[in-house]
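This report concerns only the one structure given below.
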Amino acid sequence: MLREFAAEREWGRFHTPKNLAMALAGEAGELLAELQWLTPEESASLGAEELNAVGAEMADVLIYLCRLADVLGVDLLDAAHAKVAANAQRYS
């Protein structure tokens, strides 16, 4: 879906791994900004408006991460399984 969306808009030339990683970092910063000044308790009990804003930023992070994985040919589920397995060994 994301590949098609980008192709329809001729964004391929802009969707280099470097640019996508930079966009991903920017969106992660926007997610952080939504929670930055909240206490731990406040961040765990967001109201509907705040939760909607956080969800939108999380979606942006996910979209850029998925697009980056697509461009690089990385299977995110395989990478996540491998990382969890490595962490399980490291922290057991």
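The values are calculated or read from the model by the stated rules, or taken from the named source; none is laboratory data. Predicted, not measured: the structure shown is a model, and the values here were computed from it. Using ideal geometry, Cβ is built from the backbone for each residue, glycine included, and neighbour counts are taken over all protein chains shown. Note: areas computed on protein heavy atoms with side chains; ligands, DNA, RNA excluded. Shrake-Rupley method; radii C 1.70, N 1.55, O 1.52, S 1.80 Å.
Values for this structure:
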item: Largest-first ellipsoid semi-axes for the stretch 1-72, taking √(5λ) over the Cα gyration tensor eigenvalues, angstrom; result: 29, 12, 8
item: The chain, accessible surface, carbon-and-sulfur percent (1.4 angstrom probe); result: 62
item: Förster-model FRET efficiency, 35 Å R0, Ser92 and Ala56, C-beta, rounded to 0.05; result: 0.40
item: Rounded accessible area of Arg9 (nearest 10 Å², 1.4 Å probe); result: 100
item: Computed over the chain: relative contact order in percent, which uses C-alpha pairs under 8 Å that are six or more apart; result: 40
item: Cβ-based net charge around Ala6, under 15 Å, with every Lys or Arg adding one and every Asp or Glu removing one; result: -1
